[in-house]
Amino acid sequence: MKKQKILVIGAGGQLGSELTQGLWKLHGKENVIATDIKDPEGVLATGNFEILDVMKENEFLEFVKKNGFTQLYHLAAVLSATGEKNPKFAWQLNMDGLIRVLDAAVNYKIEKVYWPSSIAAFGPTTPKIKTPQDTIMDPTTIYGISKQAGELWCNWYHKNRGLDVRSLRYPGLIGYKTKPGGGTTDYAVDIFFKALTDKKFECFLSADTYLPMMYMDDAVKATLDLMEAPAEKINERGSYNISAMSFCPAEIAAEIKKHIPEFEITYKPDFRQAIADSWPRSINDSTARIDWGWEPQFDLAAMTEDILKNLPVLMHEQAMI
Ligand code: VAH
């Protein structure tokens with residue numbers, strides 16, 4: 001197999017920090033350059049890291065041109081809740097950033113590009129149960145609009161420029177190695193930190209708000225499985241539906257209580273409730289399973305057990321720094 005040289009843009013985020021570690025394992029640390037707009041924290045600082053801002057066009061293009069990358073993972077984006085507070089910047093980063101990356105990939109002959117979409121590309125008129133791969137979209141957040149538009153741009157670049165760009169519509173992603181990043185589903189990340197430190201959590205969504213979710217380990221596996229699949233198996237050049245589970249705040253709280261009996265949850269819905277209510281409850285990901293063998297490994301119980309086993313160790317290490 002040809003030696004790979006991988007660029008990760010936005011490596012410092014929730015997904016980026018764990019996907020970078022997955023890329024290290026698959027391609028070798030020396031063949032991955034992780035980048036973000038601020039210095040790396042934790043394990044990310046142990047690999048090749050550069051400060052890079054996709055919004056600084058000349059610097060970005062010069063960096064991509066001189067390094068001869070074979071693959072590019074473009075993860076830098078503003079998430080749903082933050083995007084509603086700063087819609088113009090969210091659109092600029094999420095859209096101008098993506099188009100700059102797609103153009104650079106064509107101009108500098110990058111073999112494969114990865115870009116994350118989201119179930120946020122669906123909206124209130126989308127069928128909510130087992131949402132199909134192809135259906136009504138009509139997102140109502142700037143983040144969701146940028147994801148729907150981004151899928152169309154990726155499909156255009158594949159069809160009209162021959163670019164091998166691949167994408168997944170992630171559900172809410174739950175990882176414990178970095179703090180929550182401004183997403184509506186991030187209650188399901190913060191709840192673990194608060195359960196361990198405070199034994200209580202005030203949830204910004206109502207108890208029965210069901211959302212499609214996925215453990216970060218599964219998200220990294222899905223991304224690398226997609227990118228390693230033969231091109232002829234990739235029939236969706238917008239983005240693939242994927243999911244692993246659906247749960248509501250009351251259910252994840254009950255699962256945590258099995259490990260921390262004194263844990264208590266209260267509910268105080270805020271502006272993010274309307275965002276969550278516009279999204280699907282569950283996802284039909286049969287196309288991904290058929291095309292490239294997608295198969296999740298973690299359900300709610302397995303994820304909760306894994307996080308509550310590992311997060312205390314990480315928090316202790318960080319407290320030791
Ligand atoms: C968000 N975590 O909440 C992201 C995700 C499906 C939601 O895209 O904005």
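Calculated FRET efficiency, Asp138 to Lys268, Cβ-Cβ distance, R0 = 35 Å: about 0.75 to the nearest 0.05. With N counted as the residues of region 1-91, its alpha-carbon radius of gyration over 2.2 N^0.38 Å works out to 1.12. Return one number: the angle in degrees, 0 to 90 and rounded to the nearest 10, between the long axis of the Cα atoms of helix 57-67 and the longest principal axis of the Cα atoms of the chain. Compared with the principal axis, the helix lies near 70 degrees. Between the Cα long axis of helix 14-27 and the first principal axis of the chain there is an angle of about 50°, rounded to the nearest 10.
The largest-to-smallest principal axis extents of the Cα set in the chain are 56, 49, 38 Å. Place +1 on the Cβ of every Lys and Arg and -1 on the Cβ of every Asp and Glu in region 80-203, take the dipole about the Cα centre, and give the residue among Pro127, Asn160, Tyr176 whose Cα lies farthest towards its positive end. Value: Tyr176.
You can think of it this way: the chain between Ile260 and Ile37 has 76.5 nm of extra reach, that is 0.36 nm per residue less the Cα-Cα gap.
Rounded to the nearest 20, the size of the Cβ-charge dipole of the chain about its Cα centre is 580 debye, with Lys and Arg at +1 and Asp and Glu at -1. Pairs of Cα atoms nearer than 8 Å and 6+ residues apart set the relative contact order; for the chain it is 18 percent. Computed from Cα positions, the angle between helix 187-197 and the longest principal axis of the chain comes to roughly 60 degrees.
Taking a quarter of the surface of the Cα convex hull of region 115-165 gives a mean projected area of 3.7 nm². The length gained by stretching the chain between Ser206 and Asn235 to full extension, at 0.36 nm per residue less their Cα-Cα distance, is 6.7 nm.
For region 61-101, the orientation-averaged shadow of the C-alpha convex hull comes to 3.2 nm² (one quarter of the hull surface). When you restrict to C-alpha pairs under 8 Å that are six or more residues apart and normalise by the size of region 146-224, the relative contact order lands at 31 percent. Normalised per residue, the accessible area of the chain is 43 Å², obtained with a 1.4 Å probe and no contribution from ligands, DNA or RNA. Applying 1/(1 + (r/R0)^6) with R0 = 22 Å to the Cβ-Cβ distance of Asn160 and Leu61 gives a FRET efficiency near 0.60. Most tightly packed first, judged by the mean number of other beta-carbon atoms within 10 Å of their residues, the peptides 117-127, 93-103, 223-233, 70-80 read 70-80, 117-127, 93-103, 223-233.
Taking the centroid of alpha carbons for each part, region 232-304 and region 123-199 are 11 Å apart. To put it simply, the accessible area of region 197-289 at a 1.4 Å probe is 51 percent carbon and sulfur. Each residue of region 261-273 is assigned a 3J(HN,Hα), and the resulting list reads x, 7, 5, 10, 10, 10, 10, 9, x, 10, 4, 6, 4 Hz, derived from the Karplus form 6.51 cos²θ - 1.76 cosθ + 1.60 (θ = phi - 60°), x at Gly and Pro. In angstrom, the C-alpha Rg and Dmax of region 204-260 are 15.7, 47. Packing here is the average count of other Cβ atoms within 10 Å per residue, and on that basis the peptides 37-47, 21-31, 137-147, highest first, run 137-147, 21-31, 37-47.
The values are calculated or read from the model by the stated rules, or taken from the named source; none is laboratory data. Fair warning: this is a prediction, and the values are worked out from it, not measured in the lab. Neighbour counts run over all protein chains shown; Cβ positions are idealised from the backbone, glycine included. Remember, those area values only see protein heavy atoms, side chains included, never the ligands or the DNA or RNA. Shrake-Rupley method; radii C 1.70, N 1.55, O 1.52, S 1.80 Å.
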